[in-house]
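Data block below; observations after.
The values are calculated or read from the model by the stated rules, or taken from the named source; none is laboratory data. This structure is a prediction, so every number in the text was calculated from the model and none was measured. Note: ideal-geometry Cβ built from the backbone for every residue, glycine included; neighbour counts use all protein chains shown. Just the protein is used for accessible areas: all its heavy atoms, side chains included, with ligands, DNA and RNA removed. Shrake-Rupley method; radii C 1.70, N 1.55, O 1.52, S 1.80 Å.
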Amino acid sequence: MTGILLQSAIISTPIEWYILLSAALFTIGACGVMFKRNAIIIFASVELMLNAVNLLLVAFSSYHSDASAQVFVFFIMAVAAAEVAVGLAILSMIYRNVKSIDIDVLSKLRH
Amino acid sequence: MIKLIGLVPLFPLIGFIINGFFGKKMGKGLSGTIASLSIAASFVVSLLIFMDLQKMPEKSVVVNLFSWINSDTLKIPFSFLVDPLSSIFLLIITGIGFLIHIYSIGYMHHDEGFARFFTYLNLFIFFMLLLVLGNNYLIMFVGWEGVGLCSYLLIGFWFKNTEYNNAAKKAFVMNRIGDLGFLLGIILIFFTYGTITYGDVFEKAHTGSDTIMTAIALLLFVGAMGKSAQIPLYTWLPDAMAGPTPVSALIHAATMVTAGIYMIVRSNIFYSSSEVASEVVAIVGALTALMAAVIGCAQTDIKKVLAYSTVSQLGLMFLALGVGAYSTAVFHVTTHAFFKALLFLGAGSVIHAMSNEQDMRKMGGLRKALPITWLTMGIATLAISGFPLLSGFFSKDEILAHVWEENKILWIVATLTSLLTAFYMFRMFILTFHTNFRGTAEQKHHLHESPKSMTIPLIVLAILSLAGGLLGLPEAFHGNNWISGYLSPIIAHRSPSTLSHETEYMLMGIATLVFICGAYTAYNVYQKSKVLPAASEKDMRPSERFIYHKFKVDEFYNAVITRPLNGISVAFHKFVESDLIDGLVNGVGTMVKWLSGVIRQLQTGNIGFYIFSMVLGVVAIIFWSVLK
């Protein structure tokens, strides 16, 4: 019962709003990735971008009554979780060695 | 027995392999024995095959060994042809080859490269047999190149001497020039007739136009010029005397240099169908004969005299080919092989006794010390000069008679050559064996007759030189000219001699007179007046010096061909190679280096910048795809 209500509530909201919201979230995430120097915040921004995409996928999925996009979203979440686990592990190792997670300091890739 | 023809070249090949791999470990005696035995075995098989062939009615047997090249239109079986021509050459090659092997055991005894020498010698015999046995032009070509290689290896046998190496290189390069002509000839034959097997080609020969037949004949003759040392490619042969003397006897007198004659006799149908080609052959032969004989008169090195004599005699053979006397040319090849091999081996015996002295000005009076060499070489000298009833008399006389029939001017040239031949041969003989000894006291003390292994081949060859004329006894002597009859099946067109016996007697009389004149002049000058060739170049008259320097032909070739070619090479190296090609290659390298220097600036290592540019890139791509 509540599921149906929720469904109708989602559908009654125009799709453009969802698109705009996720675009805004994605842009915020992208800007965070680009302009922040702290590696953890960059990670968080990447998550934000991923979830902006997830939101859009779910919204379209509801509007088209097609569940396959939601499967996609599950995969994205799982992969993102794994990625964060690995990424954070790397970051903590970097911090142990360099005593910093400022990406401007970490320019060893050049060599 | 004829089916066993494969054995003939197989024995020398086995000898080559054994000597090549184990010769050094085996010791000199065994190595020389194996080499000689392998040739002896070949000789025995050749002799049996020769006798079998006499009994056969068809006189020509093709033995297929295996299929060699088999692709679409080009089918070349590896097959041998046994016929009168190849059987005669087989006997010359293996017979004289065997004698020279025996001789070499004595001659090369002190040489450290003993096994290597016999390895090359066996390989040479193998290739030479391949050359004369092949049933198509390609096998002949393989043998042709093989003997060229062996000639190169043996001329440069004492490779520590730069001059000898240069002589070897010269021989190889000169031969390559001729070989190119030969190869082009073979290709033209294949394109015209679609086959290179002798029988098929000769059968179809007249389907080609006259121009093509002339072209084939001339191209093949270019090959013969190189291998048989004719003008303009003859200069390598005198230099080839750098090799050990048995090599000069075997390769550069008796066998390899007659390959050109073999090839032309084999392809005689092209020459008898082409007036032009025959005339070219005759004129080149006559000129070579005369020129080499003139040069021979002024040489002081005993081997050089013999070398020019060989060139001159080869010229006579080509003259015979040019006037269509193919079987006569083969007759002269045979007798020449006997007496010229004997002369070279005799010269080797002299050089051996004189501790490697080759200058005739330092010899003289060797008759007492070297009686056998003196006697055998005397016979050879008489034979080559045309002493009546010896082998050279008959073969040379037959050539002169055929030339007389065709062209009187060429006959005069040939007769003049005979005169000079008698002169320079007696000059050499007298300077070497008569008058007084002019060497050092040490050499005089050392003088000795050569060992048995060297004198026995001399004696055998001397007997052959004496009796070789019996092979082609002319009708005027109530002979039946066996060799001409024997070879007749392979000669395409024959015009029977129209000479009357009176004319023949007259020509023989002239030849005898010419011999007496030449020999007597030499006797007068060198024996009676005891004239010696000028001790150094300064004492020579200008004309004599010019002849001594071989008409400056080498210098001429250097100036006209070698130097300009070298100049062009140097120019090409400088401008094309260094400036153009290297400039281009290095330019590409420099450009890439510069460009990478520019682009490398982007790689800062700053992750923020990377991400920023990545996002910019993505945005740009999206914009671009939207706008499109």
So, first residue of a type in the set (Ser, Thr, Tyr) in the stretch B:50-62, second residue part of a helix (DSSP H, G or I), Cβ within less than 9 Å, six or more apart or across chains; the pairs are B:SER60/B:LEU53; B:SER60/B:PRO84; B:SER60/B:GLY199; B:SER60/B:PRO489; B:SER60/B:ILE490
Screening B:GLY23, B:GLY6 for residues that are modelled with pLDDT under 90, assigned to a helix (DSSP H, G or I) and buried (at least 17 other Cβ atoms within 10 Å of the Cβ) leaves only B:GLY23
Flagged in the stretch B:336-366 as touching a Lys or Arg at 6+ places or on another chain (Cβ under 7 Å) and in a helix (DSSP H, G or I), in numbering order, are B:ALA347, B:ARG361, B:LYS362
Subset of the stretch B:360-385, residues surrounded by fewer than 24 Cβ atoms within 10 Å (Cβ to Cβ) and not aliphatic (A, V, I, L, M), comes to B:ARG361, B:LYS362, B:GLY364, B:GLY365, B:ARG367, B:LYS368, B:PRO371, B:TRP374, B:GLY378
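Being under 30 Å from B:GLU203 (Cα atoms) and more than 14 Å from chain A (Cβ to nearest Cβ), is that true of even one residue in the stretch B:498-505? It would help to see each step written out before you state the result.
Of the residues in the stretch B:498-505, the ones under 30 Å from B:GLU203 (Cα atoms) are B:498.
Retained after the next criterion (residues that are more than 14 Å from chain A (Cβ to nearest Cβ)): B:498.
Yes.
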From the option list A:VAL53, A:VAL84, A:VAL58, A:VAL98, single residue qualifying as within 16 Å of A:ILE41 (Cα to Cα) and either within 14 Å of chain B (Cβ to nearest Cβ) or not small (Gly, Ala, Ser) (or both) is A:VAL84
Matching residues in the stretch A:27-40 (assigned to a helix (DSSP H, G or I) and within 12 Å of chain B (Cβ to nearest Cβ)) number 9
Flagged in the stretch A:32-42 as open to solvent by 40 Å² or more (accessible area, probe 1.4 Å), touching a residue at least 40 places away in the same chain (Cβ under 8 Å) and within 14 Å of the chain's Cα centre (by Cα), in numbering order, are A:ILE40
Across the stretch B:600-626, the tally of residues that are of a type outside the set (Ser, Thr, Tyr), assigned to a helix (DSSP H, G or I) and either within 14 Å of another protein chain (Cβ to nearest Cβ) or open to solvent by less than 60 Å² (accessible area, probe 1.4 Å) (or both) stands at 16
Apart from one, (1) within 13 Å of chain B (Cβ to nearest Cβ); (2) closer than 19 Å to B:GLY605 by Cα; (3) open to solvent by 60 Å² or more (accessible area, probe 1.4 Å); (4) not β-branched (Val, Ile, Thr) all hold for A:LEU91; the odd one out is (3)
Across the stretch B:205-243, the tally of residues that are within 15 Å of the chain's Cα centre (by Cα) and not in a helix (DSSP H, G or I) stands at 9
Just to be sure before I move on: is B:LEU250 hydrophobic (A, V, I, L, M, F, W, C) and either surrounded by fewer than 24 Cβ atoms within 10 Å (Cβ to Cβ) or over 21 Å from B:PHE338 (Cβ atoms) (or both) in the structure I sent? no
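Which one is nearest to A:MET93 (Cα to Cα), of the residues in the stretch A:11-22 that are of a type in the set (A, V, I, L, M) and either open to solvent by 50 Å² or more (accessible area, probe 1.4 Å) or touching a Cys at 6+ places or on another chain (Cβ under 8 Å) (or both)? Give the steps one after another, and end with the answer.
Pass one, the stretch A:11-22, residues of a type in the set (A, V, I, L, M): A:11, A:15, A:19-21.
When the remaining residues are screened for being either open to solvent by 50 Å² or more (accessible area, probe 1.4 Å) or touching a Cys at 6+ places or on another chain (Cβ under 8 Å) (or both), the result is A:11, A:19-21.
On the way: A:ILE11: 46, A:ILE19: 38, A:LEU20: 38, A:LEU21: 36 Å.
Ranking the qualifying residues of the stretch A:11-22, first place goes to A:LEU21.
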When (1) closer than 30 Å to B:GLY365 by Cβ; (2) hydrophobic (A, V, I, L, M, F, W, C); (3) in contact (Cβ under 8 Å) with a residue 24 or more places away in the chain are applied to B:LEU487, the one that fails is (1)
Among helices (runs of 4 or more DSSP H) completely within the stretch B:387-448, the ones holding 1 or more residues that are open to solvent by less than 10 Å² (accessible area, probe 1.4 Å) are B:391-406, B:408-433
When (1) in contact with a helix residue (DSSP H, G or I) (Cβ under 7 Å, 6 or more places away or on another chain); (2) within 19 Å of B:ALA293 (Cα to Cα); (3) of a type outside the set (Gly, Ala, Ser) are applied to B:LEU389, the one that fails is (2)
